[in-house]
Amino acid sequence: MTIAWLSGSSDPARSALSPAERRFLDALAGERSVVGSNFPWPQVSGAYRPVPLSVASVRNGVQFWRARWCSGYRRFTAARVRGLLQACPGDLLIVTGSQGLELLRLAWPLLGAGATRIRVIALGPVAGRMPPDLRPFVVQAGGDAVSRLGWRGPVDLRTTGGHLDYVHDLGLVDRLLPVAIR
């Protein structure tokens, strides 16, 4: 199994994982392989650098609406997911942050039969109605107003913290391990 991170692109010029995202995925992965970058995998373009929250929010908003309204962007996303599936042996576990589930949801109908190899853990999702064959394991924090406003589906695990706290909670990894390794 391979584990990958899918979230909004706060810095479109770079796809490197933040140190917290990398620690979280490494802890969840154990001996499994981790894709060392965020969407649009697989290559890392540039070293990670923090982006001010206001700038990241605007960039993520643009990406969110682009995915919703631009069929070419949905095709691009689906092609990147298919490429990742082809590159990894076995199943693919995609851990999504916030809008990552929305990106995956919109690309899902274009994935075809390969989608059966994908499992999803969604951390603080903000997404619309899921296709019938996409059933993420959803984690939502009590202080995550963004996810509580945007997500209308079932929540499998409730935790503490806010919208940007999931990857900083390594105790959450222990609670997710049974989901990740099944």
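The values are calculated or read from the model by the stated rules, or taken from the named source; none is laboratory data. What you see is a predicted model; the values in this text were computed from it and never measured. For the accessible areas, the whole protein counts, side chains as well, though only heavy atoms, and no ligand, DNA or RNA atoms are used. Shrake-Rupley method; radii C 1.70, N 1.55, O 1.52, S 1.80 Å.
Give me the percent of DSSP beta bridges within the range 70-182 that run antiparallel, rounded to the nearest 5. Walk me through the numbers before you get to the answer.
Numbers: 0 of 13 bridges.
The antiparallel fraction comes to roughly 0 percent.
Quick check: from the Cα gyration tensor, does the range 61-131 come out rounded (a/c under 1.5), prolate or oblate?
oblate
Scan around Ile121 for amide H atoms under 5 Å from its own, H built in the peptide plane at 1.01 Å from N, and keep only partners 5 or more places away or cross-chain.
Under 5 Å from the amide H of Ile121 lie the amide H atoms of Ile94, Val95, Thr96, Phe137, each far enough along the sequence or on another chain.
So, with a 1.4 angstrom probe, what is the percent of accessible area on the range 1-148 that is carbon and sulfur?
On the way: 3790 of 6580 Å².
The C+S portion of the solvent-accessible surface of the range 1-148 is 58 percent.
On average, how much accessible surface per residue is there in the range 94-182, in Å², for a 1.4 Å probe, leaving out ligands, DNA and RNA?
Working: 4020 Å² over 89 residues.
For the range 94-182, the per-residue accessible area is 45 Å².
In whole Hz and in residue order, list the ³J(HN,Hα) couplings for the range 117-126 that follow from phi through the Karplus curve 6.51 cos²θ - 1.76 cosθ + 1.60, θ = phi - 60°; x for Gly and Pro.
Whole-Hz 3J(HN,Hα) from phi for the range 117-126: 8, 9, 10, 9, 10, 10, 9, x, x, 10.
Nearest 500 deg cm²/dmol is fine: what mean residue ellipticity at 222 nm does the chain get from its DSSP H runs of n ≥ 4 alone, each adding -39,500 (n - 2.57), divided by its residue count? If you can, show how the numbers build up before the last one.
Working: 6 runs with 71 residues, N = 182.
Dividing the helical sum by the residues of the chain leaves -12000 deg cm²/dmol.
Under Stokes-Einstein, with the Kirkwood radius over Cα pairs standing in for Rh, what whole-number D in µm²/s applies to the chain at 4 °C and 1.567 mPa s?
Numbers: Rh = 16.2 Å.
It diffuses with D of about 80 µm²/s by this estimate.
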